[in-house]
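Everything on this sheet refers to the single structure shown next.
The values are calculated or read from the model by the stated rules, or taken from the named source; none is laboratory data. None of the values given here were measured: they were computed from a predicted structure. Positions of Cβ are generated from backbone atoms using ideal geometry, with glycine treated the same way; all protein chains shown enter the neighbour counts. The area values use the complete protein model at the heavy-atom level, side chains included, leaving out ligands, DNA and RNA. Shrake-Rupley method; radii C 1.70, N 1.55, O 1.52, S 1.80 Å.
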Amino acid sequence: MCKNIIPHNYQISIEDRRQSNQHNSFLLWFTGLSGSGKSTIANVVEQKLHQMGVKTFTLDGDNIRKGINKDLTFSPEDRTENIRRIAEVANLMVNAGLVTLAAFVSPYKKDRASIRSIVKDVNFVEIYINTSVEECERRDVKGLYKKARAGEIKNMTGISAPYEAPENPEIEINTEEESLDVAVQRIIDYITPKLKLNNE
Ligand SMILES: Nc1ncnc2c1ncn2[C@@H]1O[C@H](COP(=O)(O)OS(=O)(=O)O)[C@@H](OP(=O)(O)O)[C@H]1O
Ligand SMILES: Nc1ncnc2c1ncn2[C@@H]1O[C@H](COP(=O)(O)OP(=O)(O)O)[C@@H](O)[C@H]1O
């Protein structure tokens, strides 16, 4: 399909963009069950980075599943396609020099491995928000677990669809043991050295 597509060589490189921003660019990928705390934590991390003068952008369900991916369902195939498209968009953002945050359930190991290869290992920080399904169900932020138990949602992750936990994430947060502030600080501490340009 891509046979006759020959990429154009642009003169401004990712390194040029990083230099003008005065920081590195990479992807912070938050994965975990619905209600685990992905959006809450990503939001505060982004605010902190913004205050530090870092150029950021967050991809989440609101700007993706209601927009570019509004044709996709929660079937296994569509979840894979959802994550593939998001990874490609995130890669463009990293190439544009942004610290990109993405908060998606992303339940399949193979899909998360593909993101890592699309954006490259060095640019990928997998953050596993490890909150038990019991706690997510207790929170039931959006009432989805109740609907799943009532059979109104067929393939709810953690209830009637699988979640394959990461084995070696760069960062793992357990929100039942760690406060929001502590979790955010741990992420900021991990990424601060990564923000430094290679020539500094
Ligand atoms: N069946 C089912 N399973 C899981 N989640 C569901 C489902 N149906 C709707 N929702 C809501 O959609 C959000 C998950 O979308 P994602 O794009 O992150 O999912 S996935 O990565 O493609 O699996 C998820 O958002 P978060 O709660 O922010 O995680 C849910 O609110
Ligand atoms: N330590 C914590 N970190 C993050 N969220 C927490 C924590 N403790 C409780 N919560 C609550 O859990 C819920 C997580 O919801 P949300 O961030 O929307 O999850 P997700 O984006 O994974 O679906 C919020 O209501 C949040 O206030």
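In the structure shown, do any of LYS110/LYS142; LYS55/LYS120; LYS48/LYS146 have a Cα-Cα gap over 29 Å, and if so which?
LYS48/LYS146
Give the relative contact order (percent, whole number) for the chain; include only Cα pairs under 8 Å separated by 6+ residues.
31 percent.
Once both axes come from the Cα atoms, what is the angle between helix 109-119 and the longest principal axis of the chain, in degrees from 0 to 90, rounded to 10?
For helix 109-119, the angle is close to 20 degrees.
Based on the Kirkwood radius over alpha-carbon pairs, what value in µm²/s does the Stokes-Einstein equation return for the translational diffusion coefficient of the range 24-195 at 20 °C and 1.002 mPa s? Before the final figure, lay out each step's value.
Details: Rh = 16.3 Å.
Translational D for this selection: 132 µm²/s.
Of all accessible surface on the chain at a 1.4 Å probe, what whole percent is carbon and sulfur? Before the final figure, lay out the partial values.
Details: 5910 of 11220 Å².
Here carbon and sulfur together make up 53 percent of the probe-accessible area.
Which longest run of the chain has no exposed loop site in it, a site being trypsin sites (Lys or Arg not before Pro) in a DSSP loop with at most 10 other beta carbons within 10 Å, and the site itself not part of the run? Walk me through the intermediate numbers first.
Working: sites that count: LYS3, LYS70, LYS142.
Longest run free of exposed loop sites: 71-141.
Using DSSP to define loop residues, name the chymotrypsin sites (Phe, Trp or Tyr not before Pro) in the range 65-117 whose beta-carbon has at most 10 other beta-carbon atoms within 10 Å.
For chymotrypsin sites (Phe, Trp or Tyr not before Pro) across the range 65-117 that sit outside H, G, I, E and B with at most 10 neighbouring Cβ atoms in 10 Å, the list is empty.
Considering only DSSP states other than H, G, I, E and B, which chymotrypsin sites (Phe, Trp or Tyr not before Pro) in the range 1-64 qualify as loop sites with at most 15 other Cβ atoms within 10 Å? Show your work: numbers first, answer last.
Values: sites: TYR10, PHE26, TRP29, PHE30, PHE57; in loops: TYR10, PHE26.
Answer in residue order: TYR10.
Could you calculate the contour length gain from LYS66 to GLU164, that is, 0.36 nm times the residue separation minus the distance between their Cα atoms, to one decimal place in nm? Don't jump to the answer; show the numbers that get you there.
Values: separation 98, 0.36 × 98 = 35.28 nm, distance 2.49 nm.
Going from the current span to full extension adds 32.8 nm.
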